[in-house]
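Encoded as structure tokens, the structure appears first; notes follow it.
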Amino acid sequence: MDRLLEREAELAALAGLVDAAVSGRGSVTLVAGEAGSGKTSLVNALRERVGGESVAFLVGACEPLSVPVPLAPLRELSELAGGGDLNELRSDDRLVLARALLRSLAARAPAVAVVEDVHWADPMTFDLLRLLTRRIGDSGVALLVTYRDDEVSANPQLGLLLGDLATRTAVTRLELRPLSEAAVRELAAPQQDARELVRLTGGNPFLVVEAIATGNRLPATVREAALARAGRLSESARTAVESAAVLGRRFPAGLLDMLLPGSSAAVDEALAHGVLIADGTVLGFRHELIREAIETSIPPGRRAELHRRVLAALAQQPGAGDNARLAHHAELGGLPEEAARYAADAAADADRVGALHEVWLQADRALRLGEQKPSPERFELLLTCSRTANFASSDLEIAVDYAERAAALADELGDTPGRGRALIRLAWALWSADRLEGAKRAAERAIAELEPLGGEPYLRALATDVRMEATAFDPLRAIEVGAHALEIAGDAGLDELHMDITISIGLARGHLGEPEALDILRGALDATRAARLTIQTVRTYINLLFIAATLRSHALVDEVGREAIAFLEEYGTPIPRLAMMNYIGRSLLDRGRWDEALEAASQSQTKWHAEVPGARAVEAIVAARRGDAGAYQVLAGAWEEIQSVPEGSRHANMRALLVEAAWLRGDHDAAREQIDAARRSPVTPRFARPAAELALWASRYGIEYDAPRRVPAPIALELAGDWRAAIRAWQDLEAPYEAALAALPGDDAAARAAQAVLHRLGGSGAARAFQRERASAGGRAVRGPRASTLANAAGLTRREQDVLEHLATGATNASISAELHLSERTVAHHVSAILGKLGAPNRLTAVEQARALGLLGKDGLVGDPK
């Protein structure tokens, strides 16, 4: 074993985690270091120290293939643990795969499971590692993950994984430092200058060892250092290690013997010189840097020949090896037809486990190299590429291009059903790229192509159109077409499509303000989860949370939000989670929890997605309510961001906020202009909540405006002129800000209570606007609350605090009146103001909330507000 210096602390830390595994506690350790820093040597040293009969030591490694084999290191671990190949589960459910792997590893506990060189892993491996870290705590498994930290910036998926694991309590990080001059001096020969060695190698252990091995000559590069060791081999041994370099980092000894019969003496020489190492019947390179250097040093013609020979040897093995590996060797061996065939098979393999990134890359490889493939096969590959690139590519226009090419090829073939399928795929690709009008046209063309044929393809086209109508265009039409589509799906027994259409109908009814939408979506959520339909479950969560926030069903937002975010973290779907944070932010805004709303909106914007303008609008309206002079410009900027897409619900919601922001700053012309634009819009009335809010603002400006069919109760009361009932209705919906604005036409007591609420919320800009509008309407200007009122956590006056303290004892209005020498009517006004400021529907709730705010002790009073 290599001599290990200055790694005692790291080795001791790992040994401690193995001891914890023996006690039944699992852990994850991330071992980071540049190439050559000694990660593998550290793992080997740990194996020497703790491996044996009492502790299982299992190693799975990633390889630098042109397209990674999905789950390769985890499949290797599963097989070593006795759990079989994960591919045999034939599941694309990451949770199922992660649980199966953890069961296999835990069955060998106490165990050390190593994933080496994860910087070369596929995205599916990253997803399963996320899931494993959540569940490993009581498994008795110490999971070690090694990676090159100088490659993180070039691998966004690795960066996301490291970020996700940063706060996990079960995760430990070890960063391997360069060797010190003292350590180098201990390794070097007496005649070698340790200080110069450190200067030239940077203390990199691999370079240090190779430099020392060359005597006084120092290698200029890592590649030169690696080749120097191989350069000391005989010609036959060099031939053997060249063949081995093409095989990969680790391989069965028998496979090399198939390539080079009678090479055992050459292999022994390579082992003796430390180029190759043996682990039972498995051979490998002492360091991946050596393998990389040797492979790249082989002349291109000979390297291609070796790849062809490796392909032939692998193809003769039982099971014929991984199609992904065969495609890799076939392409590098200059065999395009074989590479295309294996790549198509590899794409199908990857699809079975849901590794969409690898499906896309392998299907694209099959297209690129398989120009001679029959057109129907190329058509299916184009559809596969469009479907998977839509999820896996950062450039969504790539998915559009594949779909357009598929549609053109179907035209050439005269394949009407194929053209319809391609148009459906084109519709989704355009939708993802936020090209909504083009997406809608593609869906309508697909329906026209497929309707005469009927069957499942036609229903998929209908489902696509219904989803788009429900999401962005016309909820009523979505319900109408959706009812027809549901009937077809039910008769045909197409359950997944039935669920898809049901989700769309639930969303459409929510846009129309129908409370039953929540029941429809809850039912769809139960169905999709029971059927283990991950993508449909994600979609249901998104729509349920959006509609719950839209309908101000805040308890449901809290419940579903927690559940949905946990689910999305399990499945590694960041964009839906970011969209949900925007919906949660809107719910918190509605409840007057503005600081929390700002935090949620900020989290929603960590990466671009379609809801980012909405999150920016939340930030802008809070700033406007707080009196920030620049808030309107921020909101106008968010409005500009959505002008490139057809008018829909996002525009209606933001237009209502633009009216409010203009009102807050006293720009009534701008407010009227937005209201007038909304009146002229054929789209805004289709979305009940923003349409109702705009109708309310129009009434405040004396503008005639048709309210939607479904109007929230508080707005209906305001439009009817019943401000007292409207305030109570807003309070019932946990809407303190809206309850305060409902007092605009109210009496002085209601106005004072409203001002107190606005100040308590931190809405100084809104409080000024309220006072300005009261004065301009001819009402008496109500002065703001006293300093003592502002200091009170709920904005209560001293007298209201007195009344509250009596309420906490269960006193009636009559007894409070006698105790405080006030009329019962005055006490009733104080009680009403207290309920309003605390946002409470009744006395009992008010007392509970006051205690939570520290206004009352657990068993009574805390004295006057300071």
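The values are calculated or read from the model by the stated rules, or taken from the named source; none is laboratory data. Note that the structure is a prediction, hence the values are computed from the model and not measured. Glycine gets a Cβ as well: all are built from the backbone with ideal geometry, and neighbour counts include every protein chain shown. These accessible areas exclude ligands, DNA and RNA; they are computed on the full protein's heavy atoms, side chains included. Shrake-Rupley method; radii C 1.70, N 1.55, O 1.52, S 1.80 Å.
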Degrees separating the helix 356-369 axis from the principal Cα axis of the chain, which is the longest one: 50 degrees
Area accessible to solvent at Phe391, 1.4 Å probe radius, in Å²: 120 Å²
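Treat every Asp and Glu Cβ in the chain as -1 and every Lys and Arg Cβ as +1, leave all other atoms uncharged, and give the resulting dipole magnitude about the Cα centre to the nearest 20 debye.
Numbers: 98 positive and 118 negative charges, 458 e Å.
Charge dipole of the chain: 2200 debye, to the nearest 20.
With both bridge residues required to lie in the chain, what share of the DSSP beta bridges run antiparallel, to the nearest 5%?
Numbers: 9 of 32 bridges.
About 30 percent, rounded to the nearest 5.
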Candidate residues Arg522, Arg25, Arg90, Arg229: accessible-area rank, largest first, probe 1.4 Å: Arg90, Arg25, Arg522, Arg229
Under 5 Å, built H, 5+ apart or other chain: amide partners of Thr172: Val28, Thr29, Leu30
Unit charges at the beta carbon, dipole of the range 662-770: most positive-side option, Gly746, Ala692, Trp723: Ala692
Table column - 3J(HN,Hα) (Hz), the range 586-602, Karplus curve with 6.51, -1.76, 1.60, x for Gly and Pro: 5, 5, 5, 4, 4, 8, x, 9, 5, 4, 5, 5, 5, 5, 5, 5, 5
Accessible area in the full protein assembly, largest first, 1.4 Å probe, for Lys373, Lys837: Lys373, Lys837
Placed amide H near Ala61: partners under 5 Å, 5+ positions off or other chain: Glu116
Per-residue ³J(HN,Hα) for the range 238-248, Karplus 6.51 cos²θ - 1.76 cosθ + 1.60, θ = phi - 60°, Hz, x for Gly and Pro: 4, 4, 5, 6, 5, 4, 5, 4, 6, 4, x
Whole-number accessible area per residue in Å² for the chain, which is evaluated in the context of all protein chains at 1.4 Å: 41 Å²
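So if I place +1 on the C-beta of Lys and Arg and -1 on the C-beta of Asp and Glu, and nothing else carries charge, what would the dipole magnitude of the range 1-120 be about its Cα centre? I want it in debye, nearest 20.
Numbers: 12 positive and 17 negative charges, 75 e Å.
Computed about the Cα centre, the dipole is about 360 debye.
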Sulfur and carbon atoms: percent of accessible area, the chain [1.4 Å]: 51 percent
Helix 668-680 vs. the chain, principal-axis angle (Cα, 0 to 90°, nearest 10): 70 degrees
DSSP loop GluC sites (Glu not before Pro) with at most 14 other Cβ within 10 Å: longest gap in the chain: 372-703
The chain: angle of helix 375-392 to the longest principal axis, Cα-based, in degrees nearest 10: 60 degrees
Cα convex hull of the range 138-234, projected area averaged across orientations, nm²: 9.8 nm²
Computed accessible area, Thr169, all protein chains, 1.4 angstrom probe, square angstrom: 140 Å²
Sequence-distant residues sharing a close amide H with Arg552 (under 5 Å, placed H): none
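How many percent of the alpha carbon pairs in the chain exceed a separation of 55 Å? Mind dumping the intermediate values first?
Numbers: 110253 of 374545 pairs.
It works out to 29 percent of all Cα pairs.
Treat every Asp and Glu Cβ in the range 729-782 as -1 and every Lys and Arg Cβ as +1, leave all other atoms uncharged, and give the resulting dipole magnitude about the Cα centre to the nearest 20 debye. Kindly include the intermediate steps, with their values, before the conclusion.
Working: 6 positive and 6 negative charges, 67 e Å.
Charge dipole, the range 729-782, about its Cα centre: 320 debye, nearest 20.
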Alpha-carbon spread of the range 29-149, three principal axes, descending order, Å: 38, 37, 22
Accessible-area ranking of Val246, Val282, largest first, probe 1.4 Å: Val282, Val246
Selected from Leu143, Ile298, Ala517, residue furthest toward positive end of dipole (the chain; charges at beta carbon): Ala517
